[in-house]
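Undergrad: Take a look at this one; I'll ask things after.
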Amino acid sequence: MTRWLDEDEQRTWRAFLAASQRIQEDLDRQLQRDSGMPHAYYAILVRLSESPERRMRMSELAAAANSSQSRLSHAVARLEERGWVRREPCPADRRVSWAALTDEGFAVLAAAAPGHVGAVRQSLFDRLSADQVEQLATICAAILREPGS
């Protein structure tokens, strides 16, 4: 039997969806305007920049970016065209390929980061109190926790 949302849950769910969408749109718009890239590309560059040797297996990058392998492959192809990422074969396993952040890609990321952080602050953190930020962190951790853990 379906457990329908009560009025408070429905209101909260819709507010969550609207707030999440607004933040994503704000971040995407800022990155497109200031850096000529969608937020998804920025997220890929960030993941690579934080990885050892600024590279990751494509499958690990897809998981980290919360993307399908085919969608990630398409994005990496676009990033390769811009010279920001290059694919490298894995010497130990020919079935595996790596995505590596180029120096040019790192420079683009470094130039984009201040504006992106400003947009994150403006869209999210500047609207919340310190207590609300702490509550949001707790809520997000609960949502991301695997069921039963």
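Read the figures in this text as sums done on the coordinates, not as results from a lab. Just so it is clear, the structure is predicted and the values come from calculations on it, not from any experiment. Methodologically, a virtual Cβ is constructed for each residue, glycine included, from the backbone with ideal geometry; neighbour enumeration extends over all protein chains shown.
Undergrad: Does Val46 qualify as being closer than 22 Å to Gln122 by Cβ and out of contact with any Phe, Trp or Tyr (no Cβ under 9 Å at 6 or more places or on another chain)?
TA: So Val46 fits the description; yes.
Undergrad: Which one of these does Cys140 not meet: (1) assigned to a helix (DSSP H, G or I); (2) in contact with a helix residue (DSSP H, G or I) (Cβ under 9 Å, 6 or more places away or on another chain); (3) not charged (D, E, K, R)?
TA: Cys140 satisfies every listed condition except (2).
Undergrad: What are the residues in the stretch 9-39 that are without any contact (Cβ under 8 Å) to a residue 60 or more places away in the chain and hydroxyl-bearing (Ser, Thr, Tyr), if any?
TA: Thr12, Ser20
Undergrad: Let me ask another. When the stretch 42-62 is examined, which residues are found to be within 22 Å of Glu25 (Cα to Cα) and without any contact (Cβ under 8 Å) to a residue 12 or more places away in the chain?
TA: Ala62
Undergrad: Need a quick list: strands (runs of 3 or more DSSP E) entirely within the stretch 9-109 having at least 3 residues that are surrounded by 12 or more Cβ atoms within 10 Å (Cβ to Cβ) and touching a helix residue (DSSP H, G or I) at 6+ places or on another chain (Cβ under 9 Å).
TA: 85-89, 97-101
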